[in-house]
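Okay, structure first, notes after.
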Amino acid sequence: MKKIVSTNKAPSAIGPYNQGTSLDNLVFTSGQIALVPETMELVEGGIVEQSKQVMENLKAVLEEAGSSYENVLKTTCYLSDMDNFATFNEVYSEYFKAETAPARSTVAVKTLPKNVLVEVDAIAYKN
């Protein structure tokens, strides 16, 4: 049976979706953007600050679901500008080690919700 994943340690949904869902041993997260959970305001700064906030938000959803970055199988990363790719990778690599990193797709998109610079979602398994 599908279970809803919800935590106040990540931004609440800003539309008709949940922060994540799980089924059996799998976890599917919604895309996380650079909103500060306590205020629902965009984190101040550029691609570095936004990427760190996104990764912390994603971590909170994974942990609420009983998972962790070590269990992530696949991420999809959305960038509003591919010129930010190298900088985003630097932040991303603080959360995933190259030798155990998940499969990943990174795509450039025209715009993201709230005009953020980056969004990331994940598929993982539970601890």
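All of the numbers you see were taken from the coordinates with simple rules; none came from a lab. Model, not experiment: these values are computed from the prediction. Note: ideal-geometry Cβ built from the backbone for every residue, glycine included; neighbour counts use all protein chains shown.
Brief remarks on what is shown
- Only Cα pairs under 8 Å and 6+ residues apart enter the sum, and on that basis the relative contact order of the chain stands at 32 percent.
- Residue (of Thr100, Gly66, Thr39) at the positive-pole extreme of the chain, dipole from beta-carbon charges: Gly66
- Entries of Lys2/Lys59; Lys74/Lys110; Lys3/Lys59; Lys9/Lys97; Lys2/Lys114 with Cα pairs more than 27 Å apart: Lys2/Lys114
- In this calculation the C-beta distance from Asn8 to Val48 is compared with R0 = 35 Å, giving a FRET efficiency of 0.90.
- Within the chain, DSSP assigns beta bridges of which about 75% are antiparallel (rounded to the nearest 5).
- Peptides ranked, highest mean first, by Cβ atoms within 10 Å: ranges 60-66, 107-113: 60-66, 107-113
- Efficiency of FRET between Lys114 and Glu94 - r from beta-carbon atoms, R0 25 angstrom, step 0.05: 0.60
- Total formal charge among the other residues, if their Cβ is under 12 angstrom from that of Asp24, Lys/Arg +1 and Asp/Glu -1: +3
- Of the options (i) 1.08; (ii) 0.94; (iii) 1.01, only one is Rg/Rh (Cα atoms, Kirkwood Rh) as computed from these coordinates, and that is (ii).
- For the range 62-67, backbone phi angles converted through the Karplus equation (6.51, -1.76, 1.60; θ = phi - 60°) give residue-by-residue couplings of 4, 5, 4, 7, x, 10 Hz, Gly and Pro being listed as x.
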